[in-house]
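All remarks here apply to the structure that follows.
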Amino acid sequence: HVVRTVRSLVAAGSPLASIAILYRKQRCGAEMQAALLAASVPFNTRRSNFWRSRHVQGVVGLLAFLLRPHDDAAFVAAIEVLHETPPPSRASASTAAATA
C-alpha cells in the first residue's frame with residue numbers, strides 16, 4: 001500500500017524528497033525499506049527516536065500540563081521547547097498568509 005501511494009504521489013508531481021514515511025517501530029521500518037527496495041523506489045533513512053526529540057517532548061509536556069496543571073516537570077518541558085523554537089520569519093509568515 002505504501003509503495004503504491006508513493007508512486008501515485010510521484011506520478012501526480014510530488015518530488016520524492018517531499019514524501020516522508022513515519023513509523024513507530026523499527027521492525028516496521030525494516031519491512032518498509034525492504035518493500036521500497038523491491039519496488040526500486042529510492043529512499044533515505046534518518047535514524048532518530050521521534051518520541052525522544054525535543055519538540056515531541058515539548059508537545060507531550062504541554063499536553064501533560066494541560067491534563068495535570070500542577071505537574072511542574074511537564075510545564076517546564078513545554079516552556080523550554082517553546083523558548084527554544086524561533087518565531088517564523090516575516091517573509092514566511094506573509095507568504096503563508098498570501099497563499100491561504
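The values are calculated or read from the model by the stated rules, or taken from the named source; none is laboratory data. Remember, it's a predicted structure, so these values are computed and weren't measured experimentally. Here the Cβ is made from the backbone with ideal geometry for all residues, glycine too, and neighbour counts use every protein chain on show. When the accessible area is computed, the model is the full protein with side chains, heavy atoms only, and any ligands, DNA or RNA have been set aside. Shrake-Rupley method; radii C 1.70, N 1.55, O 1.52, S 1.80 Å.
In the set (1) of a type in the set (A, V, I, L, M); (2) assigned to a loop (DSSP other than H, G, I, E, B); (3) open to solvent by less than 90 Å² (accessible area, probe 1.4 Å), the condition left unmet by LEU9 is number (2).
Give the number of residues within the range 19-61 that are open to solvent by 50 Å² or more (accessible area, probe 1.4 Å), in contact with a Leu (Cβ under 8 Å, 6 or more places away or on another chain) and farther than 17 Å from ARG4 by Cβ. Write out each step before concluding.
So the first thing to find is which residues in the range 19-61 are open to solvent by 50 Å² or more (accessible area, probe 1.4 Å), and the list is 20-27, 30-31, 34, 37-38, 40, 42-52, 54-55, 57, 59-60.
Checking the rest, the ones that are also in contact with a Leu (Cβ under 8 Å, 6 or more places away or on another chain) come to 42-43, 50.
Among the residues that remain, those that are also farther than 17 Å from ARG4 by Cβ are: 50.
Result for the range 19-61: 1.
Look at the range 1-18: where a residue is over 12 Å from LEU36 (Cα atoms) and a partner is hydrophobic (A, V, I, L, M, F, W, C) and assigned to a loop (DSSP other than H, G, I, E, B), sitting 6+ places away or on another chain with Cβ atoms under 6 Å, you get LEU9/ILE19. Within the range 63-75, the set of residues being open to solvent by less than 70 Å² (accessible area, probe 1.4 Å) and either at pLDDT below 85 or of a type in the set (D, E, K, R) (or both) comprises ASP71, ALA74.
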